[in-house]
1. Quick one: Cα centre-to-centre distance for the range 68-111 and the range 122-165, in angstrom?
2. Where in the range 153-189 does the label zone of Q138 land, with the point 7 angstrom along Cα→C-beta and an amide N cut-off under 11 Å?
3. Please give, to one decimal in nm, the separation of the simple spin-label points placed at M106 and D92, each 7 Å out from Cα toward the Cβ.
4. Check A93: other-chain or 5+ apart residues with amide H under 5 Å from its amide H, H built from backbone geometry?
5. Each label point is 7 Å from the Cα along the Cα-to-Cβ direction; what then is the distance between the points at A171 and Q71, in nm?
6. So what is the relative contact order of the range 50-190, in percent, for Cα pairs below 8 Å that sit 6 or more residues apart?
7. Going by amide H atoms built from the backbone, whose H comes under 5 Å of the H on L105, apart from near neighbours?
8. For a quick check: sort K97, K158 by the number of other beta carbons within 10 angstrom, fewest at the front.
Amino acid sequence: MRHVALILAAVCAVPPALAVEPAPSPYRLSGSQEAYRLRVDSSVLLQGGVTINRGLTNRPYASAIERAARQAGIAPELLHAVVLQESGYRPDAISPKGATGLAQLMPGTAVRYGVRDARVPERNLEAGASYLRDLLRQFNGDERLAVAAYNAGEGAVKRYGDIPPYAETRAYVPLVIGEYERLRASSRVVWPQFQLRQVTPVIKEHVLPVGLRADLPAGPG
C-alpha cells in the first residue's frame, strides 16, 4: 500500500504547466426527459452543394469520364465535349495520323502520360484529362486556347499566340466549346436535404445519464 500511495502522490504532483487543457466541446448538455436528439448545424454541414448534370449520365463511358475528369481537376463537361469531337465515344477510333482511342491520344502523348495501351478506355481518358489540365495551366485557364492546342499542338498555339489559322482547328474549337457550354448550362447544384429524427441513445448511463440531450451549437437562422 505504501508503494501505491507514493505513485499516487507522484501523479498528483505533476506541475500545472504540464496539464493538458481539454479543447472546447461543440456540444452542450441540457436537462430533458426526451431521448437524445442531435440538432444539425447547417453552417457546418452544408459546405457546398453537389453539381448534378443529368445530361451526362446517359452518355457512353459517363462514369469513366467523370472519374478521369475529377482526378485531373477539370470539368467533366469539357472532357465529354473533347471526346465527342475526337472519337464520337468510340474506343477503337484511330486517326490517319495515329491518334488512338476515346480521347485520340497521339503516340507521343500516350508515352508522356505513361499509357502503355491507348485502346484501354480508362487509361486513355485519364491521359486525355491530364493533358487537358496541363494545357489549361499552360494557357492560363483559357479554354479556347487549351482546346486549340489539344487539336493543333501546343507549339502551334504558342507560335501564333491564338488559335492557329488551320481550317480543321478553326472548325474544331467552336464545336468543342459550344458543346462544353451547352453541357454546363444543363448542370445544376443540388443541396443535400437532412431529415431530423429521434435516435436511440448509445451512450452508457454512467457516462451521460439518461435525461440529458446533446445539442450542437445553433446555426444561423
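Coordinate-derived values only; no laboratory data. This is a predicted model, so every value here is computed, not measured. Note: ideal-geometry Cβ built from the backbone for every residue, glycine included; neighbour counts use all protein chains shown.
1. 12 Å
2. In the range 153-189, the label zone of Q138 (backbone N under 11 Å from the point 7 Å along Cα→Cβ) covers 153-159.
3. 2.6 nm
4. G101
5. The two pseudo-label positions are separated by 3.3 nm.
6. Relative contact order here is 27 percent.
7. T100
8. Listed from fewest to most nearby Cβ atoms, that is K97, K158.
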